[in-house]
Amino acid sequence: MDVDTRLLRCFVAVAEEGSLTRAAERLFVSQPALTKQIKQLEARVGVPLFTRSRAGMALTEPGRVLAERVPVLLAEWDRILRETKSTASRAARVLRVGFLASAANEATQHIVAEFSRRRPGWRADMRQAAWSNPSAGLADGDVDAALVRLPFPGQDALRVAVLFTEPRCVVLPTAHPFAARDAIPFRDLWDEPFVAAPPEAGRWREYWLATDERDGHPVRIGAVTDQPDEWLSAIANGYGIALAPESAGRYYARPGITYRPVTGVTPSQVAVAWAPADDTNPVVQDFVRCCLDSRPR
């Protein structure tokens, strides 16, 4: 009997949360989809894993046994998968580096060049990730290091070193009435529709919607996009506005789009991240040092 690790991750979430609703929110899936996955797992193992009631989802005795063992199994599988992929990249003398959007801005090219100087014969393979994957592939073991924007889901389980901070700005259609202002208080934007990252981006999505800086005011979502080009098109077409790093105005200038300073929101942090297992990996640590040495003075 083979069991998909996805089903086991769903089981762990429900077991830890004690609720299908909370587990679905944590996994960014619908409750009916999660219910189907739990039933599928129970059919695979041949025993009921939960007792369902109005109070929530209580583990059965077989469910408690599985709940004790599965987290260790998943952690070991993740470690094996990461080591397998990392071994393949080392054999090819390639360091896989994930990044989002403009990565480390103007410092990116210097970081890559410095890494090549420190590691002759090695290549930093830069892999751009979608916004639905704000760890840029690091959490899944798809890359060896990543240039990321904080905060993002799962960052507490990784090593993170901040490289620099930059203000956030607001991105508007050029025809928007606020586009002529020199600077815009964030409070004035609360009722505007926003172009958002997909829900699976979790804390990263919430940060770029500035949900913690709205005094409880609800967010209006005008569109959901997963790539910079889609995001810019949605804004230009008037589906919503968005917060962005100040550097976006340099990297993503486009007709019909206006960038303006915004007050009342915290700045954005760019960081390099890596897995704790790579604390002793000399190649990964060389890349980290290249990032730290390239920080703006």
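The values are calculated or read from the model by the stated rules, or taken from the named source; none is laboratory data. Since the model is a prediction, treat every value here as computed from it, not as a measurement. Glycine also receives a Cβ, built like all others from the backbone with ideal geometry; neighbour counts cover every protein chain displayed. Only protein heavy atoms, including side chains, enter the accessible area calculation; ligands, DNA and RNA are left aside. Shrake-Rupley method; radii C 1.70, N 1.55, O 1.52, S 1.80 Å.
Selection of helices (runs of 4 or more DSSP H) fully inside region 198-297 by the criterion of at least 2 residues being open to solvent by less than 70 Å² (accessible area, probe 1.4 Å) and within 21 Å of L158 (Cβ to Cβ) returns 203-208, 282-293. Is there a residue being within 20 Å of E206 (Cα to Cα) and in contact with an Asp or Glu (Cβ under 6 Å, 6 or more places away or on another chain) anywhere in region 111-126? No: region 111-126 contains no residue that is within 20 Å of E206 (Cα to Cα) and in contact with an Asp or Glu (Cβ under 6 Å, 6 or more places away or on another chain).
Scanning region 110-135 for residues that are among the hydrophobic types (A, V, I, L, M, F, W, C) and within 10 Å of R96 (Cβ to Cβ) returns A124, M126.
Output the residues belonging to region 264-292 that are out of contact with any Lys or Arg (no Cβ under 7 Å at 6 or more places or on another chain), touching a residue at least 40 places away in the same chain (Cβ under 8 Å) and among the β-branched types (V, I, T). Those that are out of contact with any Lys or Arg (no Cβ under 7 Å at 6 or more places or on another chain), touching a residue at least 40 places away in the same chain (Cβ under 8 Å) and among the β-branched types (V, I, T): T266, V272, V284, V288. Restricting G141, G121, G137 to residues that are closer than 26 Å to A242 by Cβ, touching a Lys or Arg at 6+ places or on another chain (Cβ under 7 Å) and not in a helix (DSSP H, G or I) narrows the list to G137. Kindly provide the set of residues from region 17-34 that are under 16 Å from T51 (Cβ atoms) and either acidic (D, E) or crowded, with 17+ Cβ neighbours inside 10 Å (or both), ordered by number. Scanning region 17-34 gives E17, L20, A23. Checking the structure you have, find out if any residue of region 125-140 is open to solvent by 50 Å² or more (accessible area, probe 1.4 Å), farther than 26 Å from Y251 by Cα, among the basic types (K, R) and in contact with a Gly (Cβ under 7 Å, 6 or more places away or on another chain). The answer is no; no qualifying residue exists. Answer with yes or no whether D188 is open to solvent by 50 Å² or more (accessible area, probe 1.4 Å) and closer than 29 Å to L27 by Cβ. Spelling it out, it is not the case that D188 is open to solvent by 50 Å² or more (accessible area, probe 1.4 Å) and closer than 29 Å to L27 by Cβ. One residue stands out in region 41-79 among those that are assigned to a strand (DSSP E or B) and open to solvent by 60 Å² or more (accessible area, probe 1.4 Å): the one that is modelled with the lowest pLDDT, namely S53. Out of all the residues in region 144-182, which are surrounded by 23 or more Cβ atoms within 10 Å (Cβ to Cβ) and not in a strand (DSSP E or B)? Selection gives D144, F152. Looking at region 194-205, can you tell me whether even one residue there is more than 22 Å from L150 (Cα to Cα) and of a type in the set (F, W, Y)? No, because not a single residue in region 194-205 is more than 22 Å from L150 (Cα to Cα) and of a type in the set (F, W, Y).
Taken as a whole, region 104-123 holds no residue that is among the aliphatic types (A, V, I, L, M), open to solvent by less than 60 Å² (accessible area, probe 1.4 Å) and in contact with a Gly (Cβ under 9 Å, 6 or more places away or on another chain).
Of all residues in region 137-174, those satisfying the criterion of being modelled with pLDDT of 95 or more and of a type in the set (G, A, S) are A145, A146, A161.
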